[in-house]
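What follows is a set of notes on a single structure, which appears directly below.
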Amino acid sequence: MGLEDKLPSGVLLSTVEGLAGYMRKSSVWPATFGLACCAIEMMALGSAPKHDISRFGMERFSASPRQADLMIVAGRVSQKMAPVLRQIYDQMTAPKWVISMGACASSGGMFNNYAIVQGVDHIVPVDIYLPGCPPRPEQLMDAIIKLHALISDTKLGPNREAIIKEVELAAMNALPTHQLGNFDKKGLLA
Amino acid sequence: MTTFDPYASSRETTEGTVFSVTGGDWDSLVSEIGESKEERIIVNMGPQHPSTHGVLRLVLELEGETVTEVRTGIGYLHTGIEKNIEFRNWTQAVTFVTRMDYLSPIFNETAYCLAVEKLLGITNDIPERASVIRVLMMELNRISSHMVALGTGALELGAMAPMFFAFREREMVLDAFEEISGLRMNMAYVRPGGVSQDLPAGMNLKLRELVKTLRKNFKDNATLLIGNTIWMKRTEGIG
Amino acid sequence: MTQDQSGMFGAAGTGDTSGYGGLVRQSVSFGSTERPYGSYFDEVADDLERAYPDFSDAITRVVVDRGELTLHVKKERLVEVASILRDKLKFEMCMGVSGVHYPDRTGAELVALYPLLSMTKNQRIRLEVATSELDPHIPSLVEVWAGNNWHEREVFDMFGIIFDGHPGLTRILMPDDWDGHPQRKDYPLGGIAVEYKGATTPAPSNRRSYR
């Protein structure tokens with residue numbers, strides 16, 4: 001009938017990491033951080049019956065950052081808004097993830113000027129970058145699904161510390177893009 | 001202040017006045033508290049909060065639940081669009097102007113293009129079909145923008161269902177936009193001199209079907225809201 | 001007054017395949033328009049002259065261009081002219097303040113524009129006030145049209161025009177401790193070079209040479 005019937009003698013074995021990851025990804029509560037045009041597409045994902053974010057259990061957008069898990073930075077972050085963004089991120093409790101939705105949040109987008117922060121990764125650590133101007137609700141759903149895969153695979157305990165050390169070491173020794181050498185330097189057409 | 005009252009006796013302690021409530025005494029309790037000094041609370045409804053879809057900072061002075069004074073702080077979405085446009089073509093500027101008011105992109109584009117055409121002096125040379133298509137797109141945009149307004153307005157007052165209905169309508173209009181211009185939002189469709197491309201074949205019929213469906217759906221939306229006591233009480237006679 | 005400019009943007013020093021290099025832009029002369037102005041502009045000018053005896057002293061230029069009337073006003077007389085326009089000529093609405101920066105016009109670099117609308121008569125005109133960068137003061141019109149409050153703050157923030165008599169002139173769009181006035185022509189666009197796949201695209205202000 002259900003899962004219970006398929007289990008041999010009613011026992012299910014899993015890892016703590018697997019179980020914790022499964023539970024965490026099944027009910028992520030996004031914090032409302034809609035700023036500009038991408039916010040409207042985020043609202044379309046959340047409220048339009050066509051694309052329905054409650055299929056993930058995520059329709060409860062948490063207004064208070066203390067109860068939110070995911071911050072979807074949707075829209076352009078201006079210089080005045082940047083400290084507010086950081087404050088909201090700091091007020092979120094761990095574990096927390098960030099999706100930077102749209103071109104303006106990921107890299108400054110088409111507004112390459114004095115007034116817009118050129119990418120929210122200058123301010124908060126980002127887990128998933130989602131390009132688009134604005135990204136369709138289906139694209140945001142794809143980003144959320146990828147984030148769920150990321151969440152369900154997070155390690156805990158000593159495994160987590162090992163992974164963090166490894167990633168930091170790789171980042172410290174990484175070459176900047178223009179020195180990587182495996183691009184033929186043909187420019188953007190490569 | 002401490003008159004003997006059989007329903008709410010109060011006594012002074014080191015922590016202040018302590019009221020012992022024994023039921024059925026809300027009025028006397030409130031009046032006893034009400035005689036104490038009024039407190040004016042200043043609350044900062046910061047730039048991020050669920051109410052304003054967009055960023056607006058409100059500093060409210062509250063007396064109880066009534067807002068007596070409000071001061072606004074704006075500028076959290078300043079993008080420097082005008083300065084950006086100085087380094088681009090007149091046509092490329094349409095892509096910037098369209099993002100000024102992102103709920104009604106066609107209106108921004110049309111206003112800008114009309115100004116450019118006035119500067120060029122070609123206002124009378126725009127093809128009539130282009131003008132009609134502009135008005136058509138603007139009216140469709142009006143529908144989609146008002147759906148967001150209605151939906152989110154209802155959401156603030158606590159009604160969630162009208163929001164889903166309103167966004168269903170909006171999705172239909174956005175599908176029409178996608179067929180005509182290629183994008184759902186921020187289309188850069190209206191350009192100086194006309195529109196970027198003609199309507200696709202058969203679009204007239206599709207739009208007529210859309211209007212028929214929308215008319216029927218608007219009746220449903222209206223019944224949801226207008227018959228609702230809470231909605232009427234919160235909106236009739238306010239302000 | 002500028003002479004004809006030829007050429008537009010294009011890569012200097014290489015072959016110009018855009019075709020914009022052959023463009024010749026004629027200069028716009030800023031003289032005053034001769035009477036009759038056409039449509040309702042004569043009526044407005046006559047009414048103003050009747051209501052304001054110092055008309056020729058305060059209003060330096062009347063320009064009618066592309067169906068729009070612009071009155072260039074001396075900044076000392078701005079409040080008087082504005083009050084008369086609002087009370088006697090029924091221009092009830094001021095659509096805000098726009099700022100312009102002409103770096104070439106020494107002595108009158110910063111300009112504030114006030115579009116006015118008369119709803120009773122369905123007429124639109126524009127007031128233009130110029131001031132120099134070294135003395136960027138213009139009297140505030142908040143007592144005449146209260147809605148100009150935030151618009152003047154915006155023009156102060158973006159252009160640096162100080163409005164005397166404004167009840168609270170602070171930055172409105174940029175953070176309060178920002179340096180400089182962004183919309184002036186000599187303020188840099190502030191973009192960064194974008195790196196992608198080993199190649200760098202310069203910021204928009206450095207990409208093409210605009211002449």
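What follows is calculated from the coordinates using simple rules that are stated; it is not laboratory data. Remember, predicted model here, so these are calculated numbers, not experimental data. Please note: Cβ atoms are built from the backbone with ideal geometry, for glycine as well, and neighbour counts cover all protein chains shown.
Axis of helix A:158-172 versus longest Cα principal axis of chain A: the two differ by about 20°, to the nearest ten degrees. Using a simple spin-label model with pseudo-atoms 7 Å out from Cα toward Cβ, A:ALA174 and C:SER39 lie 5.9 nm apart. Straight-line cross-link partners of B:LYS212 among the lysines, defined as a Cα under 26 Å from its Cα and at least 8 positions apart when in the same chain: A:LYS50. Cβ crowding within 10 Å, taken as a proxy for footprinting-reagent exposure, orders B:VAL18, C:VAL63, A:VAL126 from fewest neighbours to most as B:VAL18, C:VAL63, A:VAL126. Axis angle, to the nearest 10 degrees, between helix A:137-152 and the longest C-alpha principal axis of chain A: 60 degrees. Which whole-number percent is the relative contact order of chain A (Cα, under 8 Å, 6+ apart)? Normalised by residue count, the contact order of chain A is 21 percent.
Ratio of the range B:89-235's C-alpha Rg to 2.2 N^0.38 Å, to two decimals? Walk me through the numbers on the way to the answer.
Working: Rg = 17.3 Å, N = 147, 2.2 N^0.38 = 14.7 Å.
Compactness ratio reported: 1.18.
Remark: relative contact order (the range B:46-141) = 15 percent; criterion is Cα-Cα distance under 8 angstrom and separation of 6 or more residues. Using the Cβ-Cβ distance between C:SER132 and B:HIS49 with R0 = 45 Å, the FRET efficiency computed as 1/(1 + (r/R0)^6) comes to roughly 0.55. Of the three principal axes defined by the Cα atoms of the protein assembly as shown, the extents in descending order read 98, 87, 56 Å. Of A:LYS96/A:LYS165; A:LYS146/B:LYS216; B:LYS118/C:LYS121, which sit over 27 Å apart, Cα to Cα? Cα-Cα > 27 Å for A:LYS146/B:LYS216; rest within. When you filter the trypsin sites (Lys or Arg not before Pro) in the range B:70-170 for DSSP loop state and at most 10 other Cβ atoms inside 10 Å of their Cβ, nothing is left. Take the Cα of B:THR229, step 7 Å toward its Cβ, do the same at C:THR106, and the gap between the two points is 7.7 nm.
Bridgeable lysines around C:LYS74 (alpha carbons under 24 Å apart, same-chain partners fewer than 8 residues away excluded): C:LYS88, C:LYS90, C:LYS185. In this calculation the C-beta distance from A:TYR22 to B:GLU82 is compared with R0 = 45 Å, giving a FRET efficiency of 0.35.
By the Kirkwood approach, averaging reciprocal distances over each pair of separate Cα atoms, the range C:61-135 gets a hydrodynamic radius of 13.0 Å.
Near the amide H of B:TYR76, within less than 5 Å, lie no amide hydrogens of residues on another chain or at least 5 residues away, with H placed in the peptide plane. Taking the empirical scaling 2.2 N^0.38 Å for compact globular proteins as reference, chain A has a Cα radius of gyration ratio of 1.19. What's the FRET efficiency of A:GLU138 with C:GLU143 using the Cβ-Cβ distance as r and R₀ = 51 Å, to the nearest 0.05? Calculated transfer efficiency: 0.40. Against the longest principal axis of chain A, how steep is helix A:16-26, in degrees 0 to 90 to the nearest 10, with axes from Cα atoms? Compared with the principal axis, the helix lies near 70 degrees.
Ignore the peptide's own chain and count Cβ atoms of other chains within 10 Å of each Cβ in A:34-43; give me the average, rounded.
Numbers: counts 6, 7, 6, 8, 2, 4, 14, 4, 1, 8.
Partner Cβ neighbours, averaged per residue: 6.
For the range B:100-149 and the range C:147-211, write down the distance between their C-alpha centroids in whole Å. Distance between centres, Cα-based: 27 Å. Straight-line cross-link partners of B:LYS233 among the aspartates and glutamates, defined as a Cα under 15 Å from its Cα and at least 8 positions apart when in the same chain: B:GLU156.
Loop-located GluC sites (Glu not before Pro) in the range C:53-155 (DSSP state other than H, G, I, E, B) with a sparse environment of at most 15 neighbouring Cβ atoms within 10 Å: C:GLU92, C:GLU143.
Dividing the summed -39500 (n - 2.57) terms of all DSSP H runs of n ≥ 4 by the residue count of the protein assembly as shown sets its mean residue ellipticity at 222 nm at -11000 deg cm²/dmol.
Which shape class, rounded, prolate or oblate, goes with the range C:32-176 when its Cα gyration tensor gives a ≥ b ≥ c as root eigenvalues, a/c under 1.5 marks rounded, and past that a/b bigger than b/c marks prolate? Verdict is prolate for the range C:32-176.
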